[in-house]
Amino acid sequence: QVQLVESGGGLVQTGGSLRLSCAASRSIFSFNAMVWYRQAPGKQRESVAHITSGGSTNYADSVKGRFTISRDNTKNTVYLQMNSLKLEDTAVYYCNAWRVIGLPPGRSDYWGQGTQVTVSS
């Protein structure tokens, strides 16, 4: 069973920075992509940033230029560096990993438990 463990959330003032970590229980290369999602109170979960097994990255428009997704293959860990944080970044952040496995091929998703990020003024 795949486990994803997030850490690094907390309380920060506007304009501050945090770095989230997502440690996987297996090689991150075994996943097609790893994705950071967030869910604010009363809102739907949204994708924030993702990184593919090939290293391609993509970001939501709301975080472009402020957030950076990266990985450390030796630690099976993906990071989300969040700079210039805004009040609207307050949410629970979830790590997701997915891969296509089985015959016929199907997508399997794995989720972390979430970590709270609170940005205060």
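The values are calculated or read from the model by the stated rules, or taken from the named source; none is laboratory data. Note that the structure is a prediction, hence the values are computed from the model and not measured. Glycine also receives a Cβ, built like all others from the backbone with ideal geometry; neighbour counts cover every protein chain displayed. For accessibility, only protein heavy atoms count, side chains too; no ligands or nucleic acids. Shrake-Rupley method; radii C 1.70, N 1.55, O 1.52, S 1.80 Å.
Please arrange Leu80, Leu103 by accessible surface area, largest first, computed with a 1.4 Å probe and ligands excluded. Kindly include the intermediate steps, with their values, before the conclusion.
On the way: Leu80 0, Leu103 170 Å².
Ranking Leu80, Leu103 by accessible area, largest first, yields Leu103, Leu80.
Quote the FRET efficiency, to the nearest 0.05, computed for Arg26 versus Gln116 with a Förster distance R0 of 35 Å and r equal to the Cβ-Cβ distance. Working shown, then result.
Working: r = 26 Å, r/R0 = 0.74.
Calculated transfer efficiency: 0.85.
List the residues, sorted by chain then number, that are 5 or more residues from Lys86 or on another chain and whose placed amide H is less than 5 Å from its amide H.
Gly15
For segment 69-121, take the convex hull of the Cα atoms, compute a quarter of its surface area, and give me that in nm², please. Intermediate values should be presented prior to the final figure.
Numbers: hull surface 20.5 nm².
Mean shadow area of the hull around the Cα atoms is 5.1 nm².
In the chain, what percent of the accessible surface is made up of carbon and sulfur (1.4 Å probe, ligands and nucleic acids excluded)?
Working: 2980 of 6340 Å².
Carbon plus sulfur share of accessible area: 47 percent.
With each pseudo-label sitting 7 Å past Cα toward Cβ, what's the Ser47-Leu103 distance in nm, one decimal?
Once both label points are built, they end up 2.9 nm from each other.
Rounded to the nearest whole Å², what accessible area per residue is found for the chain with the 1.4 Å probe? Can you show the working numbers first?
Details: 6340 Å² over 121 residues.
The answer is 52 Å² per residue.
Taking the Cα atoms of segment 1-48, what is the range of coordinates along each of the three principal axes, in descending order and whole Å?
36, 22, 16
Cα extents of segment 1-92 along the three principal axes, largest first, in whole Å?
35, 24, 23
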